[in-house]
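*Asks:* Below are the structure tokens for one structure; questions will follow.
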Amino acid sequence: QSQVNESDEICALFLIDLDNFKRINDEFGHDKGDSVLSYVADAIESVSREQDCLLRWGGEEFLLIVPTINKQSFTALSKRLHQALTSLHEKLGLPLPITMSMGAIWLPWLHSQTDFHQWEHSMLLIDLALYRVKDTGRNGTALVHTTPQLSDWLNWSKEGLEKAEKQGIITIERLKLK
């Protein structure tokens, strides 16, 4: 498979985690927390397309699968997803804005075919990217960039992925929201 161009169609995965969700549950109760999850899902779906698939991934996490998108449209979608939440706290009667941290990746990886392992490994990569956002101030998106060497990578533990990053086999880019 050749190098992906900016205009090429790719699949994108977003792992979404609501920031400080436990605080909402603790301060305002689980009913309010459930309402937040419902409103966030609706907000994400409002800026998604019909073919995109939003799944509750557990707790306050969601997985958004975007089957086809131009690479050049990816950052704009990330911004729209974040902007969709900006006024939700007002609708829900909460004092602070609701924000989210997202890890994202493009499929297929460079110079490779997408298979079951690539999906499974992509989930580990976007989880790492998500926690990178959490560790660097929350409320953002981190995109995992891959290299052809990733297809031969064997150590998929958290430590192994951090080693892959140190070796430049993956890079994690925090996208600008403004």
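The values are calculated or read from the model by the stated rules, or taken from the named source; none is laboratory data. Everything numeric in this text was worked out from a predicted model, so none of it was measured. Glycine gets a Cβ as well: all are built from the backbone with ideal geometry, and neighbour counts include every protein chain shown. When the accessible area is computed, the model is the full protein with side chains, heavy atoms only, and any ligands, DNA or RNA have been set aside. Shrake-Rupley method; radii C 1.70, N 1.55, O 1.52, S 1.80 Å.
*Asks:* Using the structure shown, decide if Ile44 is in a helix (DSSP H, G or I) and modelled with pLDDT of 95 or more.
*Replies:* yes
*Asks:* Same structure again: Which residue is nearest to Phe74 (Cα to Cα), if the candidates are limited to segment 128-178 and must be open to solvent by 60 Å² or more (accessible area, probe 1.4 Å) and of a type in the set (Asp, Glu)?
*Replies:* Among residues in segment 128-178 that are open to solvent by 60 Å² or more (accessible area, probe 1.4 Å) and of a type in the set (Asp, Glu), the one nearest to Phe74 (Cα to Cα) is Glu173.
Matching residues to (1) within 22 Å of Gln113 (Cα to Cα); (2) in a helix (DSSP H, G or I); (3) out of contact with any His (no Cβ under 7 Å at 6 or more places or on another chain); (4) open to solvent by less than 20 Å² (accessible area, probe 1.4 Å):
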{"position": "Ile16", "(1), (2), (3), (4)": "no, no, yes, yes"}
{"position": "Arg23", "(1), (2), (3), (4)": "no, yes, yes, no"}
{"position": "Gly33", "(1), (2), (3), (4)": "no, yes, yes, yes"}
{"position": "Leu37", "(1), (2), (3), (4)": "no, yes, yes, yes"}
{"position": "Arg49", "(1), (2), (3), (4)": "no, no, yes, no"}
{"position": "Phe74", "(1), (2), (3), (4)": "yes, yes, yes, yes"}
{"position": "Ser78", "(1), (2), (3), (4)": "no, yes, yes, yes"}
{"position": "Leu81", "(1), (2), (3), (4)": "no, yes, yes, yes"}
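*Asks:* I would also like to ask the following. Select from segment 110-126 the residues that are surrounded by 17 or more Cβ atoms within 10 Å (Cβ to Cβ) and not hydrophobic (A, V, I, L, M, F, W, C) and list them in ascending order.
*Replies:* Result: Gln118, His121, Ser122.
*Asks:* For segment 136-159, indicate whether the set of residues that are closer than 30 Å to Ile24 by Cα, part of a helix (DSSP H, G or I) and over 15 Å from the mean Cα position of the chain (by Cα) is non-empty.
*Replies:* Yes; the residues of segment 136-159 include at least one that is closer than 30 Å to Ile24 by Cα, part of a helix (DSSP H, G or I) and over 15 Å from the mean Cα position of the chain (by Cα).
*Asks:* Report, ordered by the first and then the second residue, all pairs with beta carbons closer than 6 Å, sequence separation of six or more or different chains, a first member in segment 132-159 that is among the charged types (D, E, K, R), and a second member that is open to solvent by less than 60 Å² (accessible area, probe 1.4 Å).
*Replies:* Arg132/Ala142; Arg132/Ile172; Lys134/Ser101; Arg138/Asp19; Arg138/Ser101
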